[in-house]
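Asker: Could you have a look at this structure, given as structure tokens, before my questions?
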Amino acid sequence: MSITPPALPRTHPARRVLVEQIRDPMTKASVTPATVLAARKRLLQMHHESGVGHIGGNLSSLDSLLVLFHERIRHADRFVLSKGHSAGALYTALWSIGRLTDADLRTFHQDGTLLSGHPPAKGLGDVLFATGSLGHGLSLAAGTALALRMKESTGHVYCVTSDGEWQEGSTWEALVFACHHRLANLTVLVDHNGLQGFGSTGEVASMSPLWEKVRGFDAQATVIDGHDLDAIRGAMDSAATGPRLVFMRTVKGAGVSFLEGRMDSHYLPLTADKYQSAVQELDAA
């Protein structure tokens, strides 16, 4: 028996996203520090208004998502957010390029929303797959990359993973698949912030340094500062004959000092006082 979800009311702000075509061409400006600052503030506002946590991992991946959606992803390209709990950063990046509105963001985590805590299975043109159960995004991205090549498409697939999900076997199986098929149209960005749900990645199941573990695979691996916009651009511009892996050394909670590198930023929402302190700190930056 199938269950059909209730239709959104015609007046629901998120309803319009259903009729958008995937990756319609639009004018995008290069990412600047001001772009990042505005996006960080909007992300914090969205999470605070919805009373939702997972702020740390959203802030660590936000810079790369902004570069991707402002400067890299075009009509034929595809994107997979494997670390689905950073959906807030994805929605903020889409807001930053005008694909989502402030009204859309106010529905984040609300009843009937398309902007769920993890990317939804359908309804958003820029989201191909529901993700959140970690370790599956790279498999989806690799399969998509192979499909595009079989269709003789010029499209490129970008996938953002966490560092923690590289402790899962399915991620490594996907890498074997991608290397075997020499998927040069696949770029994997690893948000290497060093923290996961129950502690540091080193404490839970050490893979440090993770980039050393991919040596021997037929893939190009680069290690960069994941908050350096030029470094992100340069890593994605480099030529590759197979899949490209970009290990981004990031800071969980980047940009807000009392969130940076803290385990509790993985789960806890901001109180009103903490939210005001975070905004004041960003305004003073």
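Asker: Run through every distinct alpha carbon pair of the range 228-285 and return the Kirkwood hydrodynamic radius in angstroms, one decimal place.
Answerer: Values: mean 1/r = 0.0716 Å⁻¹.
Taking the inverse mean of 1/r over all distinct Cα pairs, the range 228-285 comes out at 14.0 Å.
Asker: Need one number: % antiparallel among DSSP beta bridges in the range 138-268, to the nearest 5. Intermediate results must be reported in sequence, preceding the final value.
Answerer: Values: 2 of 21 bridges.
The antiparallel fraction comes to roughly 10 percent.
Asker: Please state the charge dipole magnitude for the chain, taken about the Cα centre, from unit charges on C-beta atoms (+1 on K and R, -1 on D and E), reported in debye and rounded to the nearest 20. Present the calculation step by step, with values, prior to reporting the outcome.
Answerer: Working: 26 positive and 28 negative charges, 152 e Å.
Its charge dipole is roughly 720 debye.
Asker: So for the range 59-203, Kirkwood radius off the Cα pairs, Stokes-Einstein at 25 °C and 0.890 mPa s: how many µm² s⁻¹?
Answerer: Details: Rh = 15.7 Å.
For the chosen part, D equals 157 µm²/s.
Asker: Moving on. Taking the Cβ of ALA178 as the centre, find all other residues whose Cβ is under 12 Å away and add up their charges (Lys, Arg: +1; Asp, Glu: -1). Let's see the in-between values first.
Answerer: Numbers: positive: ARG149, ARG182, ARG244; negative: GLU173, ASP218.
Result for the local shell: +1.
Asker: Just the accessible area per residue of the chain, please: how many Å² with a 1.4 Å probe? It would help to have the intermediate numbers written out before the result.
Answerer: On the way: 12480 Å² over 285 residues.
Here the residues of the chain average 44 Å² of exposed surface.
Asker: Taking amide hydrogens as modeled 1.01 Å from N in the peptide plane, which residues meet the under 5 Å criterion relative to ALA221, leaving out close sequence neighbours?
Answerer: Here the answer is LEU245, since their amide H atoms fall under 5 Å of that of ALA221.
Asker: So, in Å, what gap is there between the alpha-carbon centers of the range 214-250 and the range 60-87?
Answerer: The range 214-250 and the range 60-87 have Cα centres separated by 15 Å.
Asker: While we're on this one: For the range 143-269, what log10 I(q)/I(0) values come out of the Debye formula at q = 0.14, 0.15, 0.22, 0.23 1/Å, with one point per alpha carbon and no solvent?
Answerer: -0.65, -0.74, -1.30, -1.37
Asker: Taking the mean number of other Cβ atoms within 10 Å as a proxy for protection, how do you rank 259-272, 50-63, 149-162 from highest to lowest? Don't jump to the answer; show the numbers that get you there.
Answerer: On the way: 259-272: 16.3, 50-63: 25.0, 149-162: 18.9.
Per-residue mean Cβ counts within 10 Å order the peptides as 50-63, 149-162, 259-272.
Asker: Name the aspartates and glutamates eligible as straight-distance cross-link partners of LYS83: C-alpha to C-alpha under 12 Å, and not fewer than 8 places from it in the same chain.
Answerer: Qualifying aspartates and glutamates at Cα under 12 Å: ASP163, GLU165, ASP191.
Asker: Measure off, as a whole percent, the carbon and sulfur share of the 1.4 Å-probe accessible area of the range 94-246, all protein chains present.
Answerer: Working: 3470 of 6500 Å².
About 53 percent, which is the carbon plus sulfur part of the accessible surface.
Asker: Out of all DSSP beta bridges in the chain, what portion is antiparallel? Express it as a percent rounded to 5. Present the calculation step by step, with values, prior to reporting the outcome.
Answerer: On the way: 2 of 25 bridges.
Antiparallel bridges make up about 10 percent of those DSSP assigns within the chain.
The values are calculated or read from the model by the stated rules, or taken from the named source; none is laboratory data. This one's a predicted model, so the numbers in the text were calculated from it and none came from an experiment. Counting neighbours? That spans all protein chains shown, and the Cβs are built from the backbone with ideal geometry, glycine included. Calculation scope for accessible area: heavy atoms of the full protein, side chains included, ligands and nucleic acids excluded. Shrake-Rupley method; radii C 1.70, N 1.55, O 1.52, S 1.80 Å.
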